[in-house]
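Taken together, the values in this text are just the output of simple stated rules run on the coordinates, not laboratory data. Because the structure is a prediction, the values reported are computed rather than measured. In this analysis, Cβ positions are derived from the backbone assuming ideal geometry, glycine residues included, and neighbour counts consider all displayed protein chains.
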Amino acid sequence: MLQGKTIVLGITGGIAAYKAAAVCSKLSQSGADVRVVMTESATKFIAPLTFQAISRNRVIVDTFDEEDPSVIAHIDLADRADAVVIAPATANFLAKTALGLGDDMLSTTLLATRAPILVAPAMNVHMYAHVTVQTHMEQLRARGVRFVEPGEGFLACGYTGKGRLAEPEHIVDELMRMFKMKSELSGKKVLVTAGATVERIDPVRYLTNDSSGKMGFAVAAAARDRGARVTVIAGRTSVEPPSGVDVIRVESAEEMLHAALSKFGDADIVVKAAAVADYRPVRTEQKKIKKSEQHLSLELERTTDILKELGNRKTHQVLVGFAAETHELERQAMAKIASKRCDLVVANDVTIPGAGFSADTNEVSIFDTNGLVEKLPLQSKRDAAERIVTLAAGLLAERSGGKQGR
Ligand code: CTP
């Protein structure tokens, strides 16, 4: 699986840097072209020559070590990488990466690459548990960076606990799993709706809701990372869509309906994460409504239920709906599965702190036509999105006769 792949192995300055030699060796033995980048501090623990000998490639430490004048070293490396593995990653390195600092060869390469990134942290038990380290890891996870958690045991600092670098075999296995996942949806088309619709009252006023688009964008990024061709139909959002996906911007439920219908026939998986208005003003005034001393009533009419329309037209597609509820989660979710002909419904109780519209986290339960499939803990929207995509990809594989584990 790693044969012919270019793997950038980043090594930062922790005592576990010596274990990176085993990681490098296993990658090379698997046929990968390993390009080692070390931070200045890493070279205090182990010599670049070790990695040069194992990888049979030049080791880069200095950003300005531009050996080949026809390219810019860190951009070239970033473009050529099929994956980047950081082992070990220090607390300092996690903080720098979370912030997007680029002050050495490794950090600039990470900023410039589009390749998937796998990070194996290693540090003292208290440093690992520190709120800033955990926050930075959470931020990176939300951006799609994957982690191999450290193991527990005796640490070089004398403590016993969680912080030792994961075993080299485990890191390489995780990398292989990442490549396998990358091809899971290759050749498939995934359609995602995200964000809030906007229903105009007059030229300056509208009805909308608090949806940020984060959940839909996280689903889009997760599907993209498994090799799918992803189209996102996005209403009003408070965050930017992920890179590498096609984005169709719409405003009203009606516009979202037309965009969704035009893409539905071709799609293999459709995830309707958008918060679509159920009602819109019967009339949109062309001129701004002026105030008066009288009451003002807005007459509203139903919008089309896009998910239901798609459910009625469903042929081969795996259709995933969302349900934001305040009570009777299971009953409401199952009712939506039935009435909208969904294959899966992702339901969340919006009364739980940290779950719902604008948060970076969500606590969801996923239902299929037989009932509850999985109740996920409170986690990043990206992690929740990974499970949603895994389950949808599993159903798709089942349908096409293949087998895919849940
Ligand atoms: N949905 C849609 N078109 C609409 C309304 C909702 O496609 N006009 C989709 C959403 O994208 C989401 C799911 O339907 O996937 C939510 O279902 P819905 O029944 O609208 O949820 P609520 O608005 O919470 O429903 P209710 O008011 O019935 O509780």
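Tabulated results
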read-out: Percent RCO, i.e. relative contact order, over the chain, from Cα pairs under 8 Å lying at least 6 residues apart; value: 11 percent
read-out: Pairwise label distance in nanometres, residue 156 with residue 292, each label 7 Å out on the Cα-Cβ vector; value: 7.9 nm
read-out: Packing-based order for 192-203, 365-376, using average beta carbon neighbours within 10 Å, highest first; value: 192-203, 365-376
read-out: Summed residue charge, Cβ within 15 Å of residue 31's Cβ, Lys/Arg positive, Asp/Glu negative; value: +2
read-out: Loop-located chymotrypsin sites (Phe, Trp or Tyr not before Pro) in region 19-78, at most 14 other Cβ atoms within 10 Å (DSSP); value: 64
read-out: Difference of contour (0.36 nm per residue) and Cα-Cα distance, residue 183 to residue 131; value: 15.3 nm
read-out: Model label zone, residue 3; criterion: amide N under 13 Å from point 7 Å along Cα-to-beta-carbon; scope region 9-36; value: 30-32
read-out: Surrounding net charge for residue 189, when Lys and Arg each add one and Asp and Glu each subtract one, Cβ distance under 13 Å; value: +2
read-out: Rounded, prolate or oblate (a/c below 1.5 giving rounded, otherwise prolate when a/b exceeds b/c) for region 6-182 by Cα gyration tensor; value: rounded
read-out: Computed over region 105-215: relative contact order in percent, which uses C-alpha pairs under 8 Å that are six or more apart; value: 20 percent
read-out: Mean Cα-pair separation over length for region 6-182, i.e. relative contact order, pairs under 8 Å, 6 or more apart, %; value: 23 percent
read-out: Between region 240-310 and region 1-66, the alpha-carbon center distance in angstrom; value: 51 Å
read-out: Nitroxide proxy distance, nm - points 7 Å out along Cα→Cβ at residue 173 and residue 95; value: 3.3 nm
read-out: Equivalent ellipsoid semi-axes, region 189-399, via Cα gyration tensor eigenvalues times 5, rooted, Å; value: 29, 19, 17
read-out: Members of 214/263; 188/314; 336/375 lying beyond 19 Å, as alpha-carbon distances in this model show; value: 214/263
read-out: From the C-alpha gyration tensor of region 1-111, square roots of 5λ in Å; value: 19, 17, 13
read-out: Amide H contacts of residue 36 (H built 1.01 Å from N, under 5 Å, at least 5 apart or other chain); value: 9, 60
read-out: Whole-angstrom Cα spans of the chain along principal axes, big to small; value: 79, 53, 47
